[in-house]
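Contents: one structure, followed by commentary.
The values are calculated or read from the model by the stated rules, or taken from the named source; none is laboratory data. This structure is a prediction, so every number in the text was calculated from the model and none was measured. Cβ placement follows ideal geometry from the backbone for every residue including glycine, while neighbour counts extend to all protein chains displayed. With ligands, DNA and RNA removed, areas are computed over all heavy atoms of the protein, side chains included. Shrake-Rupley method; radii C 1.70, N 1.55, O 1.52, S 1.80 Å.
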Amino acid sequence: MSKPIEHDYIGLSEQPLPSMEKSSDTNDKKNGLRLKDTELRLGLPGSDSPEREDHDQNVLSLKSFVPGAKRGFSDALDGGGKWVFSGGSGGGSEGLFSPRGGGKNNGGNDLSGPDSGLGGPVLKDGAAQKPQVVQEKKSQRVAGSIHGNGITAAPAPTRAQVVGWPPIRSFRKNTMASHPSKNDDDDNAEANLGSECLYVKVSMDGAPYLRKVDLKISGSYKELSSALEKMFSCFTIGQCGSNGVSSRDGLSESRLIDLLHSSEYVLTYEDKDGDWMLVGDVPWEMFTNSCKRLRIMKSTEAIGLAPRAMEKCQNRT
Amino acid sequence: MESFELKRSKDSVNSDQSAHWSSFPDEVLERVLSRLKSHRDRSSASLVCKDWYHAERWSRTNVFIGNCYSVSQEIVVRRFSRIRSVTLKGKPRFSDFNLVPENWGANIHAWLVVFAAKYPFLEELRLKRMAINDQSLEFLAVSFPNFKALSLLSCDGFSTNGLAAIATHCKNLTELDIQENDIDDIGGSWLSCFPESFTSLEVLNFANLTSDINFDALEKLVGRCKSMRVLKLNRSVSLEQLQRLLVNAPRLAELGTGSFSQELIVREYEELESALSNCKNMHTLSGLWDAKGIYLPALYPACTHLTFLNLSYAALQSLELAKLLPHRRRLKHLWVLDTVEDKGLEAVGLNCPLLEELRVFPADPFDDEIVHGVTDAGFVAVSFGCPRLHYVLYFCRQMTNAAVATIVQNCPDFTHFRLCIMNPGQPDHLTNEPMDEAFGAVVKTCTKLQRLSVSGRLTDRTFEYIGRYAKNLETLSVAFAGSSDWGMQCVLGGCPKLRKLEIRDCPFGNAALLSGLEKYESMRSLWMSACNVTMNGCRLLAREMPRLNIEVMKEDGSDDSQADKVYVYRSIAGPRRDAPRSVLTL
């Protein structure tokens with residue numbers, strides 16, 4: 001019988017975690033003994049020796065739900081605290097924690113402090129068993145979480161997800177993921193509470209209804225404008241009558257571009273202060289931070305916007 | 001003499017009786033048995049005697065196969081020759097939550113090939129958790145000239161091109177029901193594949209699809225299918241488009257709206273309200289994606305006869321729900337998101353006395369920071385107002401033993417009790433005790449309980465209760481619970497009607513697995529993943545019980561001796577031959 005193997009609980013590591021492939025010490029496992037693992041470490045997360053860290057990256061980045069760990073972690077849970085997972089791999093679902101936002105994930109929720117002591121999971125049958133890695137099948141959030149567009153989102157939720165928990169079917173998961181619930185006024189842009197999308201309404205003068213566009217998906221003004229072109233290319237300005245949606249036949253997508261370039265229309269946005277500004281005057285990040293909604297307005301109504309945009313920009317530090 | 005004559009007459013009476021019995025015309029027997037709709041009744045009837053077995057199998061038109069690997073295509077077609085409708089279920093339920101490898105199996109194609117040969121007049125196919133690709137859909141569409149109804153629930157492997165094939169070729173289609181599948185959604189042009197002459201569609205559900213559809217084609221289709229009674233749209237259909245569809249389909253019994261959040265001017269709103277209120281037959285309403293509170297009143301005059309309201313894609317607040325409900329006193333089935341919170345559920349308790357089923361889904365299941373959602377209080381409030389409640393699916397972040405005890409006291413008729421406390425292993429939030437007594441109360445009080453899902457911190461005591469009291473339990477789902485083998489042994493030793501047992505992340509090992517030796521053949525299946533079962537334990541089980549299929553799926557990088565995922569099921573078809581390499585059959 002092999003020794004029961006204990007694993008330390010590890011908090012967040014500052015390093016981005018590689019995806020869970022075979023761990024680096026598969027060789028060791030063949031003996032069923034992993035002596036290094038059985039050493040109890042009482043240090044705080046991140047303070048381990050380098051070789052241990054390396055191992056940890058591959059294997060112990062996930063809090064185990066190892067069976068027989070029941071007693072171990074139920075001791076650790078006696079504080080009545082929440083079950084916290086750390087780490088995650090390249091699954092990129094909304095539960096994936098951000099490697100950079102470590103602040104509130106350490107300490108409090110963490111089970112790896114000195115108190116946890118023997119809180120490591122105790123394995124029967126001597127095998128190292130890891131909980132399953134986050135693998136969200138065709139999650140729509142993959143793109144969202146890796147965007148490096150510099151938006152300072154609120155830190156993503158702290159725990160990595162255990163695969164398949166809570167038990168919700170993919171369709172519902174994906175549906176709710178792309179449209180987080182709104183708690184406040186409809187007119188505000190979606191709050192950035194750990195969700196990886198930023199939907200703002202886009203209205204076009206003369207169009208029968210609004211659309212929504214995700215600013216996080218567009219990484220730049222150029223992408224935003226082509227997204228808008230696609231969305232509004234179905235509208236023929238002046239032909240939208242009482243029956244609403246006009247036929248898409250015979251319209252070129254370039255019509256909107258033509259309209260914009262011909263300065264019949266301008267793209268404007270309403271910022272946090274409620275002012276309407278021309279899109280394109282400020283750096284992209286600043287724009288996404290302050291944009292509440294977009295409006296494609298007739299240029300006759302847009303006179304006088306440009307100067308204010310520049311002033312405002314200068315007023316901000 | 002007398003005695004001799006008596007004896008002879010006795011003999012003749014006997015032979016008369018036996019002649020009487022066997023001369024009971026088959027046609028009559030078949031006619032009688034054909035009235036039996038429930039497949040369980042039919043199975044019972046077929047076991048009475050050989051005559052009944054044959055009469056039953058000749059008269060059966062609908063076959064239900066709960067595990068596609070429990071029987072082979074050859075056996076099915078040999079026994080039943082007149083099948084018009086097939087229901088097939090494939091993967092274990094945990095495949096819905098990504099616990100089953102993607103290429104595990106349950107492919108429909110081999111079945112279709114056999115059906116094309118033996119059941120050319122097949123009319124209906126209902127699949128759940130099967131793998132089906134576009135070629136199979138095309139094959140289906142062209143092989144069965146009478147094909148009428150296709151229902152795909154939680155399946156995967158196909159795209160909208162497959163749907164196009166169905167639309168193109170199935171001239172007699174009455175039902176196309178696509179629900180919660182993993183579809184490759186290439187675009188909405190499949191709708192225009194229904195020919196102009198096609199008018200038979202009664203049920204159309206494409207809520208599953210995400211892409212924009214060809215609205216023109218849809219509008220014309222709905223316009224010419226005068227018998228349409230179920231229409232469930234996807235999110236891309238706007239309110240304005242919905243109104244146009246409803247004008248042409250006032251007889252709809254079930255409606256799934258598209259997105260309920262377009263900005264409407266007053267006239268458009270009034271038109272929508274009027275179109276909805278014209279649907280006098282409507283008893284089921286769903287969709288309502290992104291529903292905005294201000295438009296919900298459009299629903300009030302309509303749907304006074306609603307019995308099923310599915311708001312699980314509409315993030316309503318408690319007040320919005322509270323305003324909507326007083327008009328819905330006939331509601332029997334209600335699905336909501338936990339954004340309605342406990343206050344919303346209080347409104348449910350106050351306004352829905354006839355409620356039989358409640359499902360509360362989490363809007364943000366993966367976010368620990370969320371402090372709202374529903375709690376024990378909401379569930380208790382519903383139980384006080386809805387004594388007929390018998391089906392519940394409840395996702396929450398906290399629960400207490402006392403609350404559950406109250407709930408089942410108020411609603412003793414639960415048949416399906418699925419409680420998901422979202423933090424694994426979480427105890428009673430007031431007393432910090434395990435949730436054992438909660439589920440103890442459920443099984444002791446709800447004698448009709450058929451399905452139970454447990455959660456929270458649970459010791460073996462929960463399973464002692466279940467084994468001892470849950471006499472009618474058929475399906476049990478367990479996750480992150482139990483303390484030792486004893487727990488699972490209790491369940492396998494009790495629960496006489498257990499059919500499906502699915503377990504994940506529990507400390508049950510070989511002793512537990514093997515304690516169910518005698519039981520597994522009376523069950524449909526057992527699933528155990530991330531438990532303590534080893535390969536040796538599985539091999540032993542396979543050796544002792546040759547009529548069970550034991551499949552083991554390994555995790556990357558796990559120890560050779562661990563059986564990470566085990567799927568055990570009875571089968572008269574022997575081990576399957578289409579298992580991928582990642583699945584070991586013992």
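Some observations on this one:
- Globularity index of region B:270-319, i.e. its alpha-carbon radius of gyration over 2.2 N^0.38 Å: 1.10
- Peptide B:203-213, shielding by other chains (average Cβ, 10 Å cutoff): 1
- Here the calculated FRET efficiency for residue B:584 and residue B:384, from their Cβ-Cβ distance with R0 = 51 Å, stands at 0.50, rounded to the nearest 0.05.
- Taking one quarter of the surface of the convex hull spanned by the alpha-carbon atoms of chain B gives a direction-averaged projected area of 32.3 nm².
- Taking the Cα centre of chain B as reference, the dipole from Cβ charges on Lys and Arg (+1) and Asp and Glu (-1) amounts to some 2260 debye.
- Where labels lie 7 Å past Cα in the beta-carbon direction, separation of residue B:518 and residue A:205 in nm: 8.4 nm
- Region B:386-482, dipole about Cα centre (Lys/Arg Cβ +1, Asp/Glu Cβ -1), debye to the nearest 20: 280 debye
- Note on residue B:266 and residue A:275: with the Förster distance fixed at 25 Å, the Cβ-Cβ geometry gives a FRET efficiency of about 0.30.
- All Cα pairs of region B:473-535, percent lying beyond 15 Å: 41 percent
- Rh (Kirkwood; distinct C-alpha pairs) - region B:96-225, Å: 14.9 Å
- Computed Rg/Rh of region B:378-490, alpha carbon atoms with Kirkwood Rh: 0.93
- Label-point separation in nm, residue B:468 to residue B:212, each point 7 Å along Cα→Cβ: 6.3 nm
- Computed Rg/Rh of region B:261-353, alpha carbon atoms with Kirkwood Rh: 0.95
- Equivalent ellipsoid, region B:68-145 (semi-axes from 5 times Cα gyration tensor eigenvalues, Å): 23, 14, 10
- Legend: distances between Cα atoms for B:280/B:323; B:280/B:332; A:173/B:448; B:292/B:343; A:173/B:148; A:173/B:220; pairs beyond 23 Å are A:173/B:448; A:173/B:148; A:173/B:220.
- Heavy-atom accessible area buried between chains A and B is around 6200 Å² (1.4 Å probe, both sides summed).
- For chain B, the 222 nm mean residue ellipticity estimated from helices alone, with every DSSP H stretch of n ≥ 4 adding -39500 (n - 2.57) and the total spread over all residues, rounds to -10000 deg cm²/dmol.
- When region B:124-165 is reduced to its Cα atoms, the Kirkwood hydrodynamic radius in Å: 10.4 Å
- Additional length obtainable on full extension of the chain from residue B:102 to residue B:171, 0.36 nm per residue less Cα span: 21.5 nm
- Counting only protein heavy atoms and a probe of 1.4 Å, the accessible surface of chain B is 52% carbon and sulfur.
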